[in-house]
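Worksheet for the structure shown next.
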């Protein structure tokens, strides 16, 4: 996860991102200028990091320190079961994250900078009583991740302007009343080329197939094979360096959701589990090239990558997406043309299916 103006609810931070002063900053700048980038995206200038100082906004434990305090469960199959009260708080956080993501997505167009998108995300999160979870998480300098073209994930917003045909993943997490809601979606600046359309459609459909698999009694390890089998027969690859994760009052916890065939003992699905599925699918190699900023991860060959993500809750009769689309959310071409599920996907419970049928009949 993974911008120089003063904003309401926040202020300029004394800490800065890649523009640090002194020897360390000069060394980092030299590394960035001489780095052998794989594709056409280059880092731009970042504005100073914001600090949220609004006393009415609940902040995660790392907001000032940069380091989360929660210990990781000792065993990978130990998964927290949320209480009804926790579930309701997560449902609110998920709805806030969805609203912010939709607003950010509508802003994607040629000429806008990812910095401008980040400022929008920051303000809209605060308006809804949320803290933008990425901000200072393990030192991440911005309020969202914007991953353009060959950037797989954790792209840092800066002053680079989006160009016609750029594909961009906007990754939003909002911390509301002590709980995180996490989601991401692809957007296109202008019109995509045919190869980009195929990549986005394949990524989306593999993701939906994996979401449809979620129900009590199934194993988390089997999610990866569903994704990998679907995308490899269409000529794509799936990233192994990053995974989905449990989520709740803690940003990242058990279970780990691997997006490739595996036999890891990551537990069995049960009602009350909350987690994300977020496959990263690549045109060429899925090998990762890490930038000197210690966050940005791109494909090693410069091929483009795509990703989608929901925060999910398992029910006795299926799964609900806390971050599902609303009646106001835009319908993307890959939802209209999906071979797995056409329209807005809300989940597989009877209630979620009924709501999806209602919204999709309107769309």
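The values are calculated or read from the model by the stated rules, or taken from the named source; none is laboratory data. Quick caveat: nothing in here was measured; it's all calculated off a predicted structure. Note: ideal-geometry Cβ built from the backbone for every residue, glycine included; neighbour counts use all protein chains shown.
Go over the candidates 275, 242 one by one and state the one that is closer than 23 Å to residue 179 by Cα and either in contact with a helix residue (DSSP H, G or I) (Cβ under 6 Å, 6 or more places away or on another chain) or surrounded by 22 or more Cβ atoms within 10 Å (Cβ to Cβ) (or both). Outline the logic, then answer.
On the way: 242 fails: either in contact with a helix residue (DSSP H, G or I) (Cβ under 6 Å, 6 or more places away or on another chain) or surrounded by 22 or more Cβ atoms within 10 Å (Cβ to Cβ) (or both).
When all the criteria are applied, what remains is 275.
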Among 194, 166, 182, 205, which is the only one that is more than 19 Å from residue 283 (Cα to Cα) and at pLDDT 95 or above?
182
Test set (1) assigned to a loop (DSSP other than H, G, I, E, B); (2) surrounded by fewer than 22 Cβ atoms within 10 Å (Cβ to Cβ); (3) touching a strand residue (DSSP E or B) at 6+ places or on another chain (Cβ under 7 Å) - residue 286 fails condition number
(2)
Note: among 116, 123, just one is surrounded by fewer than 23 Cβ atoms within 10 Å (Cβ to Cβ), in contact with a helix residue (DSSP H, G or I) (Cβ under 9 Å, 6 or more places away or on another chain) and part of a helix (DSSP H, G or I), namely 116
For residues that are touching a strand residue (DSSP E or B) at 6+ places or on another chain (Cβ under 9 Å) and not in a loop (DSSP other than H, G, I, E, B), scanning just region 42-91, find the one that is nearest to residue 251 (Cα to Cα).
90
Could you count how many residues in region 222-243 are touching a strand residue (DSSP E or B) at 6+ places or on another chain (Cβ under 9 Å) and in a loop (DSSP other than H, G, I, E, B)?
6
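In this structure, is residue 259 buried (at least 22 other Cβ atoms within 10 Å of the Cβ), at negative phi and not in a strand (DSSP E or B)? Working first, answer last.
Numbers: buried (at least 22 other Cβ atoms within 10 Å of the Cβ): yes; at negative phi: yes; not in a strand (DSSP E or B): yes.
The answer is yes for residue 259.
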The lone exception for residue 71 - which of (1) modelled with pLDDT of 95 or more; (2) exposed (fewer than 13 other Cβ atoms within 10 Å of the Cβ) it fails
(1)
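Given the criteria farther than 21 Å from residue 309 by Cα and in contact with a helix residue (DSSP H, G or I) (Cβ under 8 Å, 6 or more places away or on another chain), does residue 111 qualify? Spell out the reasoning first.
Working: farther than 21 Å from residue 309 by Cα: yes; in contact with a helix residue (DSSP H, G or I) (Cβ under 8 Å, 6 or more places away or on another chain): no.
No, not satisfied.
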